[in-house]
Amino acid sequence: MILNQVNKEDILHSITYPKKTTRFFYKRFSKQILKKGCYSSIGFQILNNGSLRIHHLQVQDTGYYLCWAENLVRRNYAQIRLEVQGNLSYL
């Protein structure tokens, strides 16, 4: 499990070392985060090493993320749980 706070940035690391032919995909709640062939969108970016960068975390980003990597030889899957907590306040 990965734990972080609101408005921070986090990187969910990929499951394998990338090769030029490896493609990475991420899903959350059974929906693909980025369209096929697209490696960045508002709030999300798939890095060159296959890791997923999430900008400006929000509590609603909490959940399980499925990463899968595929090439001509094989396909690998991994599930990552991210928990985002609200800002901590002190009395």
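Kindly indicate whether any position in segment 24-38 is among the basic types (Lys, Arg) and in contact (Cβ under 8 Å) with a residue 12 or more places away in the chain.
Yes, segment 24-38 contains at least one residue that is among the basic types (Lys, Arg) and in contact (Cβ under 8 Å) with a residue 12 or more places away in the chain.
Residue check, Asn76 against (1) within 14 Å of the chain's Cα centre (by Cα); (2) at pLDDT 80 or above; (3) not hydroxyl-bearing (Ser, Thr, Tyr), all met but one. Which one?
Unmet condition: (1).
If you take the residues of segment 39-68 that are without any contact (Cβ under 8 Å) to a residue 40 or more places away in the chain and aromatic (Phe, Trp, Tyr), which of them is nearest to Thr21 (Cα to Cα)?
Result: Tyr39.
So how many residues does segment 69-80 have that are closer than 13 Å to Thr22 by Cβ and buried (at least 16 other Cβ atoms within 10 Å of the Cβ)?
Summing the residues that are closer than 13 Å to Thr22 by Cβ and buried (at least 16 other Cβ atoms within 10 Å of the Cβ) in segment 69-80 gives 1.
The values are calculated or read from the model by the stated rules, or taken from the named source; none is laboratory data. Bear in mind that the values here come from a model prediction, so they are computed numbers and not experimental data. Counting neighbours? That spans all protein chains shown, and the Cβs are built from the backbone with ideal geometry, glycine included.
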